[in-house]
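Data block below; observations after.
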Amino acid sequence: MDDRLIYREEAYRIIGLCMEVHGILGKGHSEVIYKDALEYEFSINQIPFSREKSYKIKYKDIILPRGYNADFVVYDKIILESKAIESLTNSHVKQTLNYLAASKLKLGLLVNFGEDSLAHKRVVL
């Protein structure tokens, strides 16, 4: 493994738990089912997380009425965006980049439970 990867060990643990969830549930469930299973895994593995964390968007001198809700913030430093779709696209990566910009965090993990095996991408701001 590359020692230069940001939050390498934490990301490895998160992806491992996502693989565990996918291995048990398989594909075909709605996104919220996978999120519920991840919440359980984070809890029993004593991994600090918050779910549906809100971020405000500043525009000029105001805060916009709507912002972003990240699926999970794990270890207080990694955004985890989960999908249950046919395949990930560039728009999902851009969405994760927007979440990173709004949160001022550096690493996002984008995971997709909707494929035969878990698909995941590291998104670094």
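Every read-out reported here was derived from the displayed coordinates using simple, explicitly stated rules and does not represent laboratory data. Owing to the predicted nature of the structure, the values given are computational and were not obtained by experimental measurement. Note: ideal-geometry Cβ built from the backbone for every residue, glycine included; neighbour counts use all protein chains shown.
When only alpha carbons are used to place a centre, the range 74-89 and the range 1-52 end up 9 Å from one another. If the chain linking Ala101 and Arg122 were pulled fully straight, counting 0.36 nm for each residue of separation and taking away their Cα-Cα distance, it would gain 6.1 nm.
Once you sort the root eigenvalues of the Cα gyration tensor of the range 36-94 as a ≥ b ≥ c, which label holds: rounded (a/c under 1.5), prolate (a/b larger than b/c) or oblate (the other case)? Because a/c hits 1.5 or more and a/b fails to exceed b/c, the range 36-94 counts as oblate. Each DSSP beta bridge with both residues in the chain is either parallel or antiparallel, and the antiparallel ones are about 75%. Judged by the ratio a/c of the largest to the smallest principal axis of the C-alpha gyration tensor, the range 55-125 counts as prolate, that ratio being 1.5 or greater while a/b is larger than b/c.
Do any of Lys27/Lys56; Lys60/Lys83; Lys27/Lys106; Lys83/Lys106 go past 23 Å between their Cα atoms, and which? Lys27/Lys56; Lys60/Lys83; Lys27/Lys106, as the Cα separations exceed 23 Å there. Sort the chain into rounded, prolate or oblate with this rule: let a ≥ b ≥ c be the square roots of the eigenvalues of the Cα gyration tensor; rounded if a/c is under 1.5, and if a/c is not under 1.5, prolate when a/b is larger than b/c, oblate otherwise. Note, shape of the chain comes out prolate.
Report the paramagnetic label zone for Asn45: residues of the range 17-37 whose backbone N is under 15 Å from a point 7 Å from Cα along the Cα-to-Cβ axis. Those under the cut-off are 17-25, 34-37. Placing pseudo-labels 7 Å out from each Cα toward the beta carbon at Leu25 and Leu64 gives an inter-label distance of 2.9 nm.
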